[in-house]
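The values are calculated or read from the model by the stated rules, or taken from the named source; none is laboratory data. Not measured: the values here are computed from a predicted model. Positions of Cβ are backbone-derived with ideal geometry, glycine not excepted, and every protein chain shown enters the neighbour counts. SASA here: full protein model, heavy atoms, side chains in, ligands and nucleic acids out. Shrake-Rupley method; radii C 1.70, N 1.55, O 1.52, S 1.80 Å.
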Amino acid sequence: MDLQTISDRIEIQDLFTRYAHAVDSKDWDLYRTVFIPDAHIDYSTAGGPVGDLEFVVAQLATMLDLFAQTQHFVSNIDVELDGDRARVRAMFFNPMIVKKDRQFFCGGWYNHELVRTPEGWRSRSLVEESAWFDGVAEAFAD
């Protein structure tokens, strides 16, 4: 593996760390740094928004206010580099705390198409592929 490939892979891993931190801290300015301005984002398999960056940010800001706390664990980051483009598939595990003693869990994959920009690697497309949910009904029961 050459030095550029190693550097690209580290930068891409850092991008996923920044993504998780931005969502969990509800830092929407930081979230925007993960994507190019005209990115397409699709959270439909989790019942979330689909659209451009600004539409999705507005929707997530409202939706995630329902939760007292979230954590996004991202692992098994599979990177396919092709010059200034990359396809990345990574697993996620999310504990979602609605309120004290009310939580659910979900998992799946993030599928990104990345491009190298002057600011570093950014996502031009994110499609979340939710695989499973556990405890949703109980978390939101009266």
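Filtered by the rule that a residue be within 12 Å of the chain's Cα centre (by Cα) and open to solvent by less than 50 Å² (accessible area, probe 1.4 Å), the stretch 12-23 gives Leu15, Phe16, Tyr19, Ala20, Ala22, Val23.
Summed over the stretch 28-59, residues that are part of a strand (DSSP E or B) and open to solvent by 70 Å² or more (accessible area, probe 1.4 Å) total 4.
Yes or no, residue by residue, for (1) among the acidic types (Asp, Glu); (2) within 30 Å of Gln4 (Cα to Cα):
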{"position": "Ala90", "(1), (2)": "no, yes"}
{"position": "Ile97", "(1), (2)": "no, no"}
{"position": "Asp101", "(1), (2)": "yes, no"}
{"position": "Tyr110", "(1), (2)": "no, yes"}
{"position": "Pro118", "(1), (2)": "no, yes"}
{"position": "Val127", "(1), (2)": "no, yes"}
{"position": "Trp132", "(1), (2)": "no, no"}
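Being touching a residue at least 24 places away in the same chain (Cβ under 8 Å), open to solvent by 90 Å² or more (accessible area, probe 1.4 Å) and over 12 Å from the mean Cα position of the chain (by Cα) holds for only one residue in Arg85, Arg9, and it is Arg85.
Out of everything in the stretch 37-47 that is touching a helix residue (DSSP H, G or I) at 6+ places or on another chain (Cβ under 8 Å) and not small (Gly, Ala, Ser), what residue ends up being nearest to Cys106 (Cα to Cα)? Among those that are touching a helix residue (DSSP H, G or I) at 6+ places or on another chain (Cβ under 8 Å) and not small (Gly, Ala, Ser), it is Tyr43. Of all residues in the stretch 65-79, exactly one satisfies the criterion of being under 16 Å from Val127 (Cα atoms) and open to solvent by 70 Å² or more (accessible area, probe 1.4 Å), namely Asp78. The condition of being touching a residue at least 60 places away in the same chain (Cβ under 8 Å) and exposed (fewer than 15 other Cβ atoms within 10 Å of the Cβ) holds for only one of Thr62, Thr117, that being Thr117.
If you go through the stretch 90-114 and keep only what is of a type in the set (A, V, I, L, M, F, W, C) and open to solvent by 60 Å² or more (accessible area, probe 1.4 Å), you end up with Met91, Phe93, Phe105, Trp109.
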